[in-house]
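Before any comments, here is the structure.
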Amino acid sequence: MIKERSSGSSGITIRGFTIDGNREGNTNVISGKGYYNLIHLAGCLNINVYNMYLTNNHGDGLKIDKCTGVKFYNNKIYLLGHDGLYASSCSDVEAYSNIITCRTNSGLRLYNRNKASFHDNVITSEGSGGAGIEIQKYNNPSMNDIEVYNNVIYKTALTGIWIFGSGSYSASSANVHVHHNQIYDTGTKSSTSIIGGIVSNGFSGLIENNVVDGTYGAGIVQKTVYSPAPSGSGFVLTLRNNIITNSRPSSGGGSGCGVHNELADTHSFVLQNNCFYGNAGADCKNVQPSSSDIKANPQYADRKNHDYHLESKAGRWKGNIWVTDSTSSPCIDAGYSLSDYSAEPQDNGGKINIGAFGNTKYASKSGTSTTNSNQAPVINPVQNAVIEPRKSLTFTVSASDADGDSLTYFTSGLPEGAIFDSKSGLFSWTPADGQKGTYSITFGVSDGRLKDSITITINVFKQESSLPAAEKNYDNRLREASPEVVYQDSSFIDVGGMSIGRYRDVMWFDLSEYADSTEIGNATLSLYWYYPSGNIRPEDTVIEVYRPASTWNKNYVSWNKRDKGVSWKNAGGDWYDKNGVLQGNAPYATLTLKGSILPDKRYHELDITELVKEYTSGKYENTGLLIKAKAESNNYIAFYGSDARNEHWKPRLTVNKKTSATPVLDLTTITGAKDNRLREASSELVYQDNPFIDVGGMSIGRYRDVMWFDLGEYSGSAEINNAALSLYWYYPSGATRPEDIVIEVYRPAFAWNENYVSWNKRDKGVSWKNAGGDWYDKNGVLQGNAPYATLTFKGSALPDNKYYELDVTDLVKEYTSGKYENTGFLIKARTESNNYIAFYSTEAGNENQRPILKLQQVLQ
């Protein structure tokens, strides 16, 4: 009923109305045969379908073929004739927050393509129907970047989640991550064998922190039910931290086992810390149980009403309030020892809970409650902001408190001139002309005993030197997979590569007002990073800026052409590097975005001063910017473009003229640290991915850490006036220490490799000269005891879940001046006995708790 005008169409939005397929008026059509799909798009990009009501037809709700960049969300889908969403040979597909009632086939379906996430949906069946979520592979296309999480799937006719492949392919090309789903009473149709909670074949993957309750046939099963399983072997499903209960037998097949492997010759399970209870058949059939699994009643809060939170004496979330129970579930703190638990509320016991709420803010609490125990207030989200000098910014910080306590507000990092009322939470600020920069401000709330906080960023852009994005610049995408298509009006620009090809961009700013000026102080290109949200990337993305070798026409420029009928000499664009080399590899500016870092929905800056000076001095004609990634594989990202709907997301070029004005201070926050724990008791182990770092000592040994921030863009630059390392203290909660602890920061004597560093070694096969790390103190003494910075925590003090700062100015200055190679920080305690504490690391689930380095520069 709705289709694209032509293949290659981009920027399609369908929202806010009802499509009724009039099923009753088309009785001559067989459901599911491709007739009367409500929306069918092929070969399109950047599709958004949301706030729709799709109902009552013989086909799919949204069918997409060979499309890229698809978001399908906030829709209600009721009794269609095939799938709610059917994505065939598509990439970068995200479906979330949909309410789906199936009648003929699945709620959400993915076939033969990668990079997809289905999350936060509610899916069921009425009368008949298929699986809740269906993931299907045939032959070679890789399907190893697929995530299914936070869904509630119940009473579907077939299995809750159906994952299967056929044909011939490598086991490494088929992998899924299924986590934090609630699946119950699925597989109600007794005339088919496609029943259970999760049915899989031909895939490996990690299935963790799900609840699978009351499903027919089996809880989780590997079996062939539709097409023959793929040839070959090596398909391994790891089941971790799941609760599998009350599985039921069915005449369609299956005796009600918890976990069942019907393909034991070619497929296998690995079990880690699961809970089994009340399954009609065996808990494990043709599967080796694990000693870490438990067989016990998980003590759901209210199974009858499908509340799968765990009972807890210390506190259980009940919709909008924390309540306590007379007993505590055995699944609390019973999860896999290396699983992240940092998102769980205090007291979290230092270990993840089993079940669908493990490592979420709704996880049931550890320990036991005290009478009338106080509950911490919860601060409401505060949005990041962008403001121009001399413009006012005002907002109110608010919070809730389950106990009804009187609340007071506090802040840190308040910019000069800003005002904050601790009683009302009102913030107001009118930045001055000299306050351009990015400010990190922490807002908090306290009920007198417990606290909560949030950190936001405020970007201040200089009004008189920013070129308005909507009036004085334009940009075009260059897409290898559509080499003749002109992408002039996309709301985004993109770089890097995917399996279908590479992505680059050209951009132009009007510099005419500076045409006679040779007094450019600096020029900064600011790009707002927003995609792919929720997905990390296998590789880092290094953004590079070059000078286009020729002028280009925004109405005709593409991957192959720069103007109407005029091709680039090199497909994908011709450029000069800063050394004047055609197609050279010495960019004018670079920016690295780590593959492990998620889009933070803020501006990121590239220093293009040298290129802008070449344009404004008349050395070269202004041909704009060519933006690409250094490597172009498995690292696709996107920024908002000049056609973005929000002015505060569009690309900006900030040009500052040289001035003799009084120097001003620029505040910068650096994130994305590399950090590793050094643990004496496990002297050869590499602790690279823990959500925490720790110092001090316990009976089993000492703990230290190494940490590194990228200071490359500050080397030889403006003078560093102040540098503060901020660490978020959270552990041990509720326990004092016999001794005070003095945190010390030293300069590592050598560079170290994050992939191999341990208590004994600094790199692969290279030992520290001194076990536990080699360092210089501020006097240049090897293993000296004059630290660059110190911070004291009293033994009687409890963690208050906030940042603490160490003044590392002298050490950072030594790095940025070039006096020493940047080897990072070595962090230890002055004495290391009976004083163990821990901070969150760069791997913490909450980005507002990770280590940060704040720099204050003097700008001339």
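The values are calculated or read from the model by the stated rules, or taken from the named source; none is laboratory data. What you are looking at is a predicted structure, and each value in this text was computed from that prediction instead of being measured. A quick note on method: Cβ atoms are made from the backbone with ideal geometry, for glycine too, and the neighbour counts reach across all protein chains shown.
What the table below lists for this structure:
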item: Of residues in region 532-546 being at pLDDT 85 or above and out of contact with any Leu (no Cβ under 6 Å at 6 or more places or on another chain), the one surrounded by the fewest Cβ atoms within 10 Å (Cβ to Cβ); result: V542
item: Condition met for D777 (under 31 Å from the mean Cα position of the chain (by Cα), surrounded by fewer than 19 Cβ atoms within 10 Å (Cβ to Cβ) and farther than 17 Å from A751 by Cβ); result: no
item: D740, sole failed condition from (1) more than 31 Å from the chain's Cα centre (by Cα); (2) modelled with pLDDT of 90 or more; (3) of a type outside the set (S, T, Y); result: (2)
item: Residue count for region 198-215, restricted to those that are under 14 Å from N261 (Cα atoms) and within 27 Å of the chain's Cα centre (by Cα); result: 4
item: Residue, farthest from A789 (Cα to Cα), within region 804-860, restricted to residues that are among the aromatic types (F, W, Y) and assigned to a loop (DSSP other than H, G, I, E, B); result: Y836
item: Any hit, region 218-225, residues being within 30 Å of P330 (Cα to Cα) and assigned to a loop (DSSP other than H, G, I, E, B); result: no
item: Residues within region 560-579 that are assigned to a loop (DSSP other than H, G, I, E, B) and either closer than 16 Å to I608 by Cβ or in contact with a helix residue (DSSP H, G or I) (Cβ under 9 Å, 6 or more places away or on another chain) (or both), tallied; result: 3
item: Qualifying residue in region 256-274 (condition: within 18 Å of E134 (Cβ to Cβ) and either of a type in the set (V, I, T) or not assigned by the TED database to the domain that holds N112 (or both)); result: no
item: Sole residue being touching a Ser or Thr at 6+ places or on another chain (Cβ under 8 Å), under 24 Å from K601 (Cβ atoms) and modelled with pLDDT under 90, chosen from G437, G448; result: G437
item: Filter result (assigned to a strand (DSSP E or B) and of a type outside the set (D, E)) within region 60-76; result: L62, K63, I64, T68, G69, V70, K71, F72, Y73, K76
item: Pick from region 471-501, criterion of a type in the set (D, E) and in a strand (DSSP E or B), ranking: nearest to the chain's Cα centre (by Cα); result: D494
item: When residues of region 616-639 are limited to those that are modelled with pLDDT under 90, of a type outside the set (S, T, Y) and under 26 Å from the mean Cα position of the chain (by Cα), the one surrounded by the fewest Cβ atoms within 10 Å (Cβ to Cβ); result: N634
item: The listed residue being in a strand (DSSP E or B) and not aliphatic (A, V, I, L, M), out of N37, N46, N28, N57; result: N46
item: Lone unmet requirement of (1) under 31 Å from the mean Cα position of the chain (by Cα); (2) aromatic (F, W, Y); (3) closer than 21 Å to N353 by Cα for Y277; result: (1)
item: Residues that are in contact with a strand residue (DSSP E or B) (Cβ under 6 Å, 6 or more places away or on another chain), buried (at least 23 other Cβ atoms within 10 Å of the Cβ) and under 18 Å from S290 (Cα atoms), drawn from region 223-244; result: L237, L239, R240, N241, I243, I244
item: Filter result for the condition that a residue is modelled with pLDDT under 95 and buried (at least 24 other Cβ atoms within 10 Å of the Cβ), over G254, G219; result: G254
item: Members of region 520-532 found to be under 18 Å from the mean Cα position of the chain (by Cα) and under 22 Å from A631 (Cβ atoms), listed by number; result: W529, Y530, Y531, P532
item: Positions within region 5-26 being within 15 Å of N46 (Cα to Cα) and surrounded by 18 or more Cβ atoms within 10 Å (Cβ to Cβ), in sequence order; result: S9, S10, I12, I14
item: Exclusive hit being modelled with pLDDT of 90 or more and either outside any loop (DSSP other than H, G, I, E, B) or exposed (fewer than 15 other Cβ atoms within 10 Å of the Cβ) (or both), set T327, T360, T370; result: T327
item: Test: residue in region 594-611 that is modelled with pLDDT under 90 and among the polar types (S, T, N, Q); result: yes
item: Those residues of region 769-804 which are over 25 Å from N834 (Cβ atoms) and out of contact with any helix residue (DSSP H, G or I) (no Cβ under 9 Å at 6 or more places or on another chain), in sequence order; result: K769, D774, Y776, N779, G780, V781, L782
item: Scan of region 555-581 for residues that are surrounded by 15 or more Cβ atoms within 10 Å (Cβ to Cβ), touching a residue at least 60 places away in the same chain (Cβ under 8 Å) and not aliphatic (A, V, I, L, M), ordered by number; result: Y556, S558, W559, N560, K561, G572, G573
item: Considering residues of region 74-105 that are under 12 Å from V122 (Cα atoms) and β-branched (V, I, T) only, the residue nearest to the chain's Cα centre (by Cα); result: I99
item: Test result for K613, without any contact (Cβ under 8 Å) to a residue 60 or more places away in the chain and either crowded, with 22+ Cβ neighbours inside 10 Å or not in a strand (DSSP E or B) (or both); result: no
item: Qualifying position, being in contact (Cβ under 8 Å) with a residue 60 or more places away in the chain, crowded, with 17+ Cβ neighbours inside 10 Å, within 30 Å of V808 (Cα to Cα) and in the same structural domain as L725 (by the TED database), among E680, E684; result: E680
item: Residue in region 748-770 that is on the phi > 0 side of the Ramachandran plot, part of a loop (DSSP other than H, G, I, E, B), touching a residue at least 12 places away in the same chain (Cβ under 8 Å) and over 30 Å from the mean Cα position of the chain (by Cα) present; result: no
item: Residues within region 271-304 that are outside any loop (DSSP other than H, G, I, E, B) and among the polar types (S, T, N, Q), tallied; result: 1
item: Filter pass, L598 being more than 25 Å from N656 (Cβ to Cβ), assigned by the TED database to the domain that holds L625 and touching a residue at least 40 places away in the same chain (Cβ under 8 Å); result: yes
item: Residue in region 305-324 that is farthest from the chain's Cα centre (by Cα), counting only those that are part of a strand (DSSP E or B) and surrounded by fewer than 20 Cβ atoms within 10 Å (Cβ to Cβ); result: V323
item: Residues (hydroxyl-bearing (S, T, Y) and either assigned to a loop (DSSP other than H, G, I, E, B) or crowded, with 19+ Cβ neighbours inside 10 Å (or both)) located in region 784-803; result: Y788, S796, Y803
